[in-house]
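Chemist: Would you mind keeping the following structure in view while I ask a few things?
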Amino acid sequence: MSKLPCEVVKDLLPSYIDELTSEVTNNLIEEHNAECEDCRKTLESMNSPEAEPEKQSQKKEIDYLKKTRKKYRGNIFITIVLVLALVLGGLGVKQCFIGTTLQNEYLSCQVQVKDKEITAFCMTADGNKLISDIQFEEKDGVITIACKSVSNNPLFDSVSKETYVAENEIKEIRMGDCVLWANGVYISTWTSELFKTRHANIRDTKTNAETADALYLSHVFPGYKSVVQKEKEPYGWHFQKGIQMSDLKSLEKDYLEPYAYIMLALVEDLGEVTYEFSYMGEPISWTYTTEMASKYIGKDIKLVGKDIAELEKLVRYASRADSSYPASEYGEVLEEYETPESCEINIVNTTGEDIWAVGMTYYSDQGEEYFSGTAYFDAKAYNEFDMPYTLFVQDPYIFNYKGESFDLKLTINDSDNVTYSTGDRLTFPMEFDTKYVIEITGNAEEGYHVTMK
């Protein structure tokens, strides 16, 4: 009896006819056919002349299928190559021409606002990242600025300027989660970072730590231990440390007192802030309450914490407070809190040369030197745009100055940090809320000159 079923034999017959089967398989097929008339007749019919056209047709069909499959594989390969080329090309266009949105940590942005017109000056921290576009999105009075960044494209630069006219009244200007301007007040990066840590409950120790870190409290009160009193009102936040070596007057008036008021503004249910330490063997304890903070600024400290524009005023005044004021005179320090007086000085470089820094020396109207400082600018930004420098009346020296005018003498530092004089002094009347424009002309070889436009 044959070992193979008929179904298997019939499947093997085409290969058997084409002599593609092994000798063992041939013997099994022949042994089966000797006993099976049905399979034998199938083999005979397949070998008959009438079956030849069908075999040829099947062969052509097989060849066609093979060719079709080969062509299909070729088309798939070409399609894959084209898709990859399009993807890579698209990425190249996006990378070099369209750009990707640049995150805040790689970007510096200043805005100037006049009615509904915004001028944004943007500069990347990394010179390899170039700004291809500055975009503005307006919604419910909030303008959000975003910068697109590309690389390796001579058409773009790491500095860019763009103007936008809002459709409605501007309430706030943002870049990402950083507030640049709100309710008529320019917001500093420090204030924006502090405002992000605002929270309702002193029991939130994680956000407490974020607030203290944003204040850089560890820089002026290093090694402190934070203890929260949350059993009964007023809830307290205590900062304890060992020996304090700093000058006490400066430490309190310039740092710890204004920092306490900022913390009281940012934590809604916080009632008092206490610093405890030892100085020259004596225990020291300073406590600041919400009542003291409200008296210091002339309004409810908790309302200040809810409004970033008000918080900016508090931060600005706190950082500029004159340390000569005694602890009891909180209100007098911020006598002008509601309407801070300042004047804006815009310095425009038209020399065509790289300028690295501008030294500023102020003189009273009696001729004596009052104070001096240096403004540093990125060469690309400074050469191309007017960069505003704001002089606040709350600066300690200006705050105490009672003259009718002041003189300003400028010096120029080139890209090699060589200092050049600019000639005569410029006289400014003590008229705040005024914008002045100073133009720098000339060159290093023949001399620099400044004029007030």
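Each value in this text was obtained by applying a stated rule to the coordinates, not by laboratory testing. Here the structure is a predicted model, which is why all the values come from computation and not from measurement. No Cβ is skipped: glycine too gets one built from the backbone with ideal geometry, and neighbour counts run over all protein chains shown.
Chemist: Going down the table (LYS196/LYS230; LYS148/LYS435; LYS313/LYS435; LYS206/LYS241; LYS409/LYS453; LYS230/LYS313), which pairs top 27 Å between alpha carbons?
Modeler: Among LYS196/LYS230; LYS148/LYS435; LYS313/LYS435; LYS206/LYS241; LYS409/LYS453; LYS230/LYS313, the Cα-Cα distance tops 27 Å for LYS148/LYS435; LYS230/LYS313.
Chemist: Once you have a ≥ b ≥ c as the square roots of the Cα gyration tensor eigenvalues for segment 6-47, tell me rounded if a/c is under 1.5, and otherwise prolate or oblate according to whether a/b is larger than b/c.
Modeler: Oblate, since a/c reaches 1.5 and b/c is not below a/b.
Chemist: Nearest 20 debye, what's the magnitude of the dipole of segment 193-333 about its Cα centre given +1 on Lys and Arg Cβ and -1 on Asp and Glu Cβ?
Modeler: Once rounded to the nearest 20, the dipole reads 260 debye.
Chemist: Rank these for me by crowding, CYS6, CYS147, CYS343, CYS122, going from fewest to most other beta carbons within 10 Å.
Modeler: Starting with the residue having the fewest Cβ neighbours, the order is CYS6, CYS343, CYS122, CYS147.
Chemist: What residue among ASN47, TYR16, ALA34 has its Cα farthest toward the positive end of the dipole of segment 6-47, where the charges are +1 on Lys, Arg and -1 on Asp, Glu, each on the Cβ?
Modeler: Highest projection toward the positive end goes to ASN47.
Chemist: Okay, moving on. Considering the dipole of segment 95-195 built from charges on the beta carbon (Lys and Arg +1, Asp and Glu -1) around the Cα centre, which of TRP190, CYS178, SER132 is farthest to its positive end?
Modeler: SER132
Chemist: To continue, here is another question. For every other residue with a beta carbon closer than 14 angstrom to the beta carbon of THR211, add +1 if it is Lys or Arg and -1 if Asp or Glu, then tell me the sum.
Modeler: Taking every other residue near THR211 into account, the sum is -2.
Chemist: Below 8 Å between Cα atoms, with a sequence gap of 6+, how large is the relative contact order for segment 101-184 in percent?
Modeler: Relative contact order comes out at 32 percent.
Chemist: Which whole-number percent is the relative contact order of segment 135-176 (Cα, under 8 Å, 6+ apart)?
Modeler: Relative contact order for segment 135-176 comes out at 55 percent.
Chemist: When DSSP assigns beta bridges and you keep just the ones with both residues in segment 101-184, what percent turn out antiparallel, to the nearest 5?
Modeler: Of all bridge pairs located within segment 101-184, approximately 90 percent are antiparallel.
Chemist: Just want the ordering: THR451, THR411, from fewest to most Cβ atoms lying within 10 Å of their own Cβ.
Modeler: Least to most surrounded, the residues fall as THR451, THR411.
Chemist: Just how large is the dipole of segment 101-184 about the Cα centre, in debye to the nearest 20, putting +1 at every Lys and Arg Cβ and -1 at every Asp and Glu Cβ?
Modeler: 160 debye
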